[in-house]
Amino acid sequence: MSPRPDLTQWQPPVFELPEVLEGAHARLEPLSFDTHTEALHQANLADAAMWRFLPYGPFPSFAAYRGWAVGASVSEDPAFVAIRGAAGWTGVAAFMRIDEANGVIEIGNIAYSSALQRTVAATEALHLMIDHCFSSGFRRLEWKCNAANAPSRRAAERLGFTYEGTFRQHMIVKGANRDTAWFSMLDHEWERIYPAHRAWLAPDNFDAEGRQKQSLADLTAGVLRGD
């Protein structure tokens, strides 16, 4: 489908943080400092490198992490969710920069511990978040990352986001310059990308050892090319 030029009947979405988003591999809940933080902190201890490009962390103690989580759990924008995969509560992400008037929202502040990285649950969690954004009525979904963060850039393209450019000297993060790479996905694009995500997540796309038969990057690239 093509973009919708006539917006005279369009109604701005109202964002609501869901009580739960759940798929076959991942479960997402609003971040709770009582329910999730101890497991998240323990998972994060295994990988100090995960904090390199994030505006928050690392946290030297559970008290420090819990102090951050107290604020994050009541924040409405960014609105944080905790992510559970096969190894338990091992990641967080956020809906953020929520612009209901223009139908624009962003997914960011993604902190995946090593136990969650490169798993089906890691991808499914983002799939569930993307679908929630568009199901809520948003027109545009953004993904932004440090331009030097190659894994995040690859993840955006793999999920089906389109690179829009790099904002040079956009921010100062942890005392260092950040050039920011911008990606987006539009509602009419998600209508075509969604089946590619579901095809990748299907059980028959994985062999007995859990290895993928088709890559998500190939599936989404084909959709965007119009194959």
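Quick note: the coordinates plus some simple rules give every number you see, no bench work behind them. All of these numbers come straight from a predicted model, not from anything done at the bench. Every residue, glycine among them, receives a Cβ derived from its backbone with ideal geometry; neighbour counts consider all protein chains shown.
So here's what we get for this one:
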read-out: Euclidean distance of C-alpha centroids, the range 191-227 and the range 1-60, integer Å; value: 22
read-out: ³J(HN,Hα), Karplus 6.51/-1.76/1.60, whole Hz, each residue of the range 68-78, x for Gly, Pro; value: 5, 5, 4, x, 5, 6, 9, 5, 8, 7, x
read-out: Label point distance in nm, LEU7-LEU45, each placed 7 Å from Cα along Cα→Cβ; value: 4.8
read-out: Gain in span if fully extended, LYS213 to ARG198, counting 0.36 nm per residue against the direct Cα distance; value: 4.0 nm
read-out: For the chain, calculated [θ]222 nm from helices alone, where every DSSP H run of n ≥ 4 adds -39500 (n - 2.57); value: -10000 deg cm²/dmol
read-out: Spin-label zone in the range 85-105 - amide nitrogen under 18 Å from a point set 7 Å from the Cα of THR162 along the C-beta vector; value: 103-105
read-out: Pair-distance profile P(r), taking every C-alpha pair of the chain, with 10 angstrom steps and integer %; value: 7, 31, 38, 20, 3, 0
